[in-house]
Amino acid sequence: MGMSAFSDEQIQRYSRQIILKEVGGKGQRKLLNAQVLVIGAGGLGSPAAVYLAAAGVGTVGIVDFDRVDMSNLHRQILHHTEDVGRLKVESAAETLLRYNPDVTVVRHQEPLTSHNAMSIISPYDVVVNGADNFPTRYLVNDACYLLGKPLVDGCILMFDAQATVFVPGKGCYRCLYPAPPPPGLVPSCAEAGVLGALPGLIGCLQAIETVKLILGIGEPLVSRMLLYDALAADFRQVKLRRDPACPLCGDSPTIRELIDYEEFCGVPIPAALAEH
Amino acid sequence: MSIDIQVDREINLKGEVCPYTFVKSKLALEEMEVGQVLRVIVDHEPAVTNVPRSMENEGQAVLRAAKLNDTDWEIVLRKETE
Ligand SMILES: [Zn+2]
């Protein structure tokens, strides 16, 4: 009982967190019992997973089928120069365990599809979206809504970023963007540039929101979206609400199962948000 | 001088330094009921001021913080809040 529930190493490792009144031993226990799925071991998923593991989130799942490329390294801090060519889930697991051997890392080394998304996501408490493409973004949104899982969403392109938390019943990605734009309208993954520290910032924000959800503290980033313009150094928030006409979470939903979209990339800015 | 205080639990944190003196006291108190009394023994002098201050910040009561002998101090806390 009491202190014996934590090992001496755990008390030392998490002491600066346990000291927080909002965390304490009970909160640390919640973190150790939590299971978080990170979609993508990329620019957003890297800092998110690192901080979640370091905080002692007991189980961190990583979904990624890709291998580490040299061009990933300027932002994907789970991977190091010597990891180029390795599977990202392997490189990610190794990095996370070096930060904190207390954590169980679950490797989902496969593309997320309409066939496996429900079974991969269902054991987890919270999902962190670090997907860099539309098919996965919509798939994760839809699966989390259908499974009733909170989704900590983040999105970046060049110097602009967005972050929000979707809680089922309080709006979803399709309330904002009902369907993916047709391929060709947005730049492909390889064409789109990004400043490396930008996903770093947003991934950290996603880790913070995830920890808040697990602990049940503070005001989650729900029903609002944080917009960051790095060049202007400007943060702003817009209110989000559930769209009764949303094809997924609206009053008369038309989407009742997962859809596989054609592969393409990019981040659309809806007219309502783009016109500041 | 020894005011008679009913102690419900005692922990020996000799050899521990800050912040572990506070963290371990806090973890012990978390497992106790409101109104119960915890006695903490320390031999790290800064803890005698740091632990009571942090405990008061968390809304707990400090009943006593006193030197016991050449090396040890006692800090007596009552749990006031979860
Ligand atoms: Zn919706």
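A few remarks follow.
- Note on A:17-27: average number of Cβ atoms from other chains within 10 Å of each residue's Cβ is 4.
- For A:LYS239, the lysines whose Cα comes closer than 18 Å to its Cα, not counting residues fewer than 8 places off in the same chain, are A:LYS170.
- Over chain A: helical MRE at 222 nm, DSSP H runs n ≥ 4 each giving -39500 (n - 2.57), nearest 500: -9000 deg cm²/dmol
- Residue-averaged beta-carbon neighbours from other chains (10 angstrom radius) around B:16-28: 5
- Given their separation in residues at 0.36 nm each and the Cα-Cα distance between them, B:VAL34 and B:VAL7 gain 8.4 nm when the chain is fully extended.
- Our summary gives chain A a relative contact order of 19 percent, counting only alpha carbon pairs under 8 angstrom and 6 or more residues apart.
- Cα-based shape type of the stretch A:162-254, given that a ≥ b ≥ c are square roots of the gyration tensor eigenvalues and the cut on a/c is 1.5: oblate
- Taking every residue in A:251-258 and counting other chain Cβ atoms within 10 Å of its Cβ, the average works out to 0.
- Compactness index (Cα Rg / 2.2 N^0.38 Å), the protein assembly as shown: 1.17
- Here the residues A:TYR177, A:TYR124, ranked from fewest to most Cβ neighbours within 10 Å of their Cβ, fall in the order A:TYR177, A:TYR124.
- The stretch B:9-78: C-alpha pair distances exceeding 20 Å, %: 15
- Segments A:231-237, B:23-29 sorted - mean Cβ within 10 Å per residue, highest first: B:23-29, A:231-237
- Partner lysines whose Cα lies under 23 Å from the Cα of A:LYS30, excluding those fewer than 8 positions away in the same chain, are identified as A:LYS21, A:LYS149, A:LYS212, B:LYS24, B:LYS26, B:LYS79.
- Computed over all pairs of different Cα atoms, the Kirkwood value for the hydrodynamic radius of the stretch A:1-113 is 14.6 Å.
- Percent antiparallel among DSSP beta bridges (both partners in the stretch B:9-78, rounded to 5): 75
- Annotation: amide H-H contacts under 5 Å for A:LYS170 (H modelled 1.01 Å from N, sequence separation of 5 or more, or interchain): none.
- Packing-based ranking of A:22-31, A:242-251 yields A:22-31, A:242-251, ordered from highest to lowest mean Cβ neighbour count within 10 Å.
- When the convex hull of its Cα atoms is viewed from all sides, the stretch A:84-185 shows a mean projected area of 8.4 nm².
FYI, it's all coordinate maths here, none of it is from the lab. From a predicted model like this one, the values you see are computed outputs, not experimental measurements. FYI the Cβ positions are ideal-geometry reconstructions off the backbone, even for glycines, and counts take in every protein chain you see.
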